[in-house]
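Asker: One structure, pasted below without further comment.
The values are calculated or read from the model by the stated rules, or taken from the named source; none is laboratory data. The structure displayed is predicted, hence computed values, not measured ones. Ideal geometry is used to build each Cβ from the backbone, glycine not excepted, and the neighbour counts take in all protein chains shown.
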Amino acid sequence: MLKINVQALRKITGAFLEEGKTVYAPRHLGMGDFAFDRIENPDEFQIEGFVNTLLPPKEIFFRQMETIGRFGWKEEGLCEDVEPEIEDKVLLGIRPCDLEGLLLIDAFYDRVDADMPYKRRRKKTFIIAYACPEPADTCFCVETDSGPWAKRGFDWQLHGLEEGIYLLEVGSEKGRELADRFADLMEKAHDGDLELLEAKRKETLGKFKKRPYIKRGIGNIKKVGEEVYRYLGDRCFRCGGCNYLCPTCTCYNVADIGTRRGERVLFWDSCQFEGYSRLAGDLNLRPDQGSRLKFRFECKLAEWNTETYGRIRCTGCGRCIYTCIGDADIDLFLKKASET
Amino acid sequence: MKRNRMSHKALKAEIVEIKDEAEDIKSFFVRPDEELEFLPGQFFMLSICGVGEAPFSVASAPHEGLLRFTIRKSGKVTSALHRLRAGELLGIRGPYGNGFPLDPGGTAVIIGGGIGMAPVRSLLFHLLKKGDFDLWAFNGARSPRHILYADELLGFKGRTKIVLTVDRADPGWKYEEGVITVSMEKYLPKIEKGTAYVCGPPVMFRHVVKTLLDKGFREENIYLSLEAHMKCAFGICGHCRIGNKFVCVDGPVFPYSEIKDYEEFLA
């Protein structure tokens, strides 16, 4: 473990920016809301003092909407491809739950050899994770083995010791190289620092709301009865918020905007929308909201996730809980599932 | 450079000919800019700029030359396709999906309901050219106005048996009347060894599968071609997921034994 303070971190960020790297880090939007944003100068980011960003940083790689083709500009009837621009980037301050989310999206893409913007963007990314000292009420990463500190997938991970002072954990070869390069801005951690880290971690774990029903509910996923889905379906407002805020949701739709001249765009979709499962001829594979919720909960929690992705695809970030206006969220679902 | 078909990048294809097949159903014979080899049961994504893209199975057999798509007017993209004329252009990408197993290992029983006859037509004409099989084909539709390929199917004799049936006949109809399983019960013998290939509306699947099981087929020898409205066709967009499978890459053809628990596809 190395030790670094926030001033040194800003210097390193400055060096990244000077080299032409794009840096994405949390920025305060006001009213206590934080979001990942492109940082233009090293004073702009803030990585501690809040639990997590409103949206997971997956949108840096998987844009909410993006143009994949243009038509009617050169030749009639042909959609020309638009290639995504790829920056050499640094992702600073990503939380362990969202990092695990990115790794799960990687695994999802790795099943097939598809040429997609996400995959291209994801390649050149230096990840500096920030281990969480303080959970929110809705956080349950301790139950899904995805936090409050990351165990994989980072180049560096910062562990707060006190405000503005972090232990820096190197997690990759690239991370080692860069740590060597900036060695004069860091020092070696002492035994006392490591003891303090252990104490901090214990304290953090103690702050999580106890949710014994989460693991029990996940174990029962196959047995959950239709009445549970119906009950939650009746409460669901079909807003799609759970999908849009989810660090592992990847579904998208494609549409042409414009008639004779326009663009083919790819944009986030939600399995909670009626149109998601619609087929030709007014058929719908999932005509009721209960079956759509079942589709979503199984996508995240079914046992086949472990076979294919090595784990369930919920990372416990809790965003779908606080955004759900109908209280039809995964927390209530797992409570019900645990009673099955 | 080899084109990566695992992306949204489409080729251009010219519509060479359009044929009226049945009420609201036309066949489009298209020639892509590059030759696109495919297997019966695979599908392509067709697009019209400014309207959108949708998946369509190929109705022609690989040896038949032009790619033939038999398309029912039912939504935005298909309505726009129906307005096109010969000589106009389409976007095309594919082929996608697994296709049908091509060796029936005995008797081949092909069952197509409505527009579901399109993908099994590809298989039927492929099998007729490739081998010497005992072959049954049941082609069902709502009414005589909706039956597909009748003129192409009636010339076969010998070991190829074709049964046309409609739910409601009219006075000019010379063939069977009743849902497709009625004809299957009536004509299809017990099958010791063979493969069944089924495509049709979800409501047809369960009844057809039951009849096939009664006739001696094993669950793993009954193949169903499923429909889903995929947006990517290479396993990413998510729309065609069923459990841990994706209709676009793991299907669209599945043995019944693999999907019998997925109720939404077998309404």
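Asker: Which one is nearest to the chain's Cα centre (by Cα), of the residues in region B:51-84 that are assigned to a strand (DSSP E or B) and among the aliphatic types (A, V, I, L, M)?
Answerer: B:ILE71
Asker: In this structure, does A:ALA328 turn out to be over 17 Å from the mean Cα position of the chain (by Cα), over 28 Å from B:MET45 (Cα atoms), surrounded by 16 or more Cβ atoms within 10 Å (Cβ to Cβ) and more than 9 Å from every other protein chain (Cβ to nearest Cβ)?
Answerer: yes
Asker: Given the options B:PHE217, B:PHE205, B:PHE234, name the one that is at the interface with chain A (Cβ under 10 Å from one of its Cβ atoms), aromatic (Phe, Trp, Tyr) and in contact (Cβ under 8 Å) with a residue 12 or more places away in the chain.
Answerer: That would be B:PHE234, the only listed residue that is at the interface with chain A (Cβ under 10 Å from one of its Cβ atoms), aromatic (Phe, Trp, Tyr) and in contact (Cβ under 8 Å) with a residue 12 or more places away in the chain.
Asker: Another one. Exactly one condition in (1) surrounded by fewer than 20 Cβ atoms within 10 Å (Cβ to Cβ); (2) modelled with pLDDT of 95 or more is not met by B:ASP261; state its number.
Answerer: Of everything listed in (1) surrounded by fewer than 20 Cβ atoms within 10 Å (Cβ to Cβ); (2) modelled with pLDDT of 95 or more, B:ASP261 misses just condition (2).
Asker: Restrict the check to region B:151-163 and report whether at least one residue is touching a Lys or Arg at 6+ places or on another chain (Cβ under 7 Å) and within 22 Å of B:GLU21 (Cα to Cα).
Answerer: No, that holds for no residue.
Asker: Looking only at region B:56-77, count how many residues are small (Gly, Ala, Ser) and within 14 Å of chain A (Cβ to nearest Cβ).
Answerer: Residues that pass the stated criteria total 3.
Asker: Still on this structure, I have one more. Has region A:220-241 got any residue that is within 22 Å of the chain's Cα centre (by Cα), within 11 Å of chain B (Cβ to nearest Cβ) and not in a loop (DSSP other than H, G, I, E, B)?
Answerer: Scanning region A:220-241 turns up no residue that is within 22 Å of the chain's Cα centre (by Cα), within 11 Å of chain B (Cβ to nearest Cβ) and not in a loop (DSSP other than H, G, I, E, B).
Asker: Would a scan of region A:94-110 turn up a residue that is over 30 Å from A:ILE257 (Cβ atoms), out of contact with any Pro (no Cβ under 9 Å at 6 or more places or on another chain) and more than 14 Å from chain B (Cβ to nearest Cβ)?
Answerer: Scanning region A:94-110, I find at least one residue that is over 30 Å from A:ILE257 (Cβ atoms), out of contact with any Pro (no Cβ under 9 Å at 6 or more places or on another chain) and more than 14 Å from chain B (Cβ to nearest Cβ), so the answer is yes.
Asker: Just for region A:258-272: of the residues that are within 15 Å of B:SER47 (Cα to Cα) and not acidic (Asp, Glu), which one is farthest from the other protein chains (Cβ to nearest Cβ)?
Answerer: A:VAL265
Asker: For region A:212-229, state whether one or more residues are at pLDDT 95 or above, assigned by TED's automatic domain parsing to the domain that holds A:TYR309, touching a Cys at 6+ places or on another chain (Cβ under 6 Å) and not hydroxyl-bearing (Ser, Thr, Tyr).
Answerer: no
Asker: Show me the helices (runs of 4 or more DSSP H) found entirely inside region A:259-324 where at least 2 residues are over 17 Å from the mean Cα position of the chain (by Cα).
Answerer: Per the criteria, A:289-301, A:304-309.
Asker: Looking at region B:158-202, which of the residues that are small (Gly, Ala, Ser) and within 22 Å of the chain's Cα centre (by Cα) is surrounded by the fewest Cβ atoms within 10 Å (Cβ to Cβ)?
Answerer: Out of the qualifying residues, it is B:GLY178.
Asker: Residue by residue through region A:49-85, note down the ones that are away from every other protein chain (no Cβ under 14 Å), more than 20 Å from A:PRO247 (Cα to Cα) and acidic (Asp, Glu).
Answerer: Answer for region A:49-85, where residues must be away from every other protein chain (no Cβ under 14 Å), more than 20 Å from A:PRO247 (Cα to Cα) and acidic (Asp, Glu): just A:GLU85.
Asker: Next question, about the same structure. From the set of residues in region B:32-55 that are free of Cβ contacts under 8 Å to residues at least 24 places away in the same chain and within 12 Å of chain A (Cβ to nearest Cβ), which is nearest to B:ALA196 (Cα to Cα)?
Answerer: B:ASP33
Asker: When A:LYS174 is evaluated against the numbered criteria (1) surrounded by fewer than 16 Cβ atoms within 10 Å (Cβ to Cβ); (2) modelled with pLDDT of 95 or more; (3) within 13 Å of chain B (Cβ to nearest Cβ), which criterion, by number, is the only one it fails?
Answerer: (3)
Asker: Next question. Among the residues of region A:95-120, write down those that are assigned to a loop (DSSP other than H, G, I, E, B) and without any contact (Cβ under 8 Å) to a residue 60 or more places away in the chain.
Answerer: Scanning region A:95-120 gives A:VAL112, A:ASP113, A:ALA114, A:ASP115, A:MET116.
Asker: Hey, another quick one. Search region A:300-312 for residues being within 13 Å of another protein chain (Cβ to nearest Cβ) and farther than 19 Å from A:SER338 by Cβ, and hand back the single one that is surrounded by the fewest Cβ atoms within 10 Å (Cβ to Cβ).
Answerer: Within region A:300-312, the match that is surrounded by the fewest Cβ atoms within 10 Å (Cβ to Cβ) is A:GLU307.
Asker: Let me ask something additional. Quick one: how many residues across region B:178-198 are aromatic (Phe, Trp, Tyr) and under 12 Å from B:ILE111 (Cα atoms)?
Answerer: 1
Asker: Of all residues in region A:55-85, which are in a loop (DSSP other than H, G, I, E, B) and either touching a Ser or Thr at 6+ places or on another chain (Cβ under 8 Å) or surrounded by 14 or more Cβ atoms within 10 Å (Cβ to Cβ) (or both)?
Answerer: A:LEU55, A:PRO56, A:PHE61, A:PHE62, A:ARG63, A:GLY72, A:GLY77, A:LEU78, A:VAL82, A:PRO84
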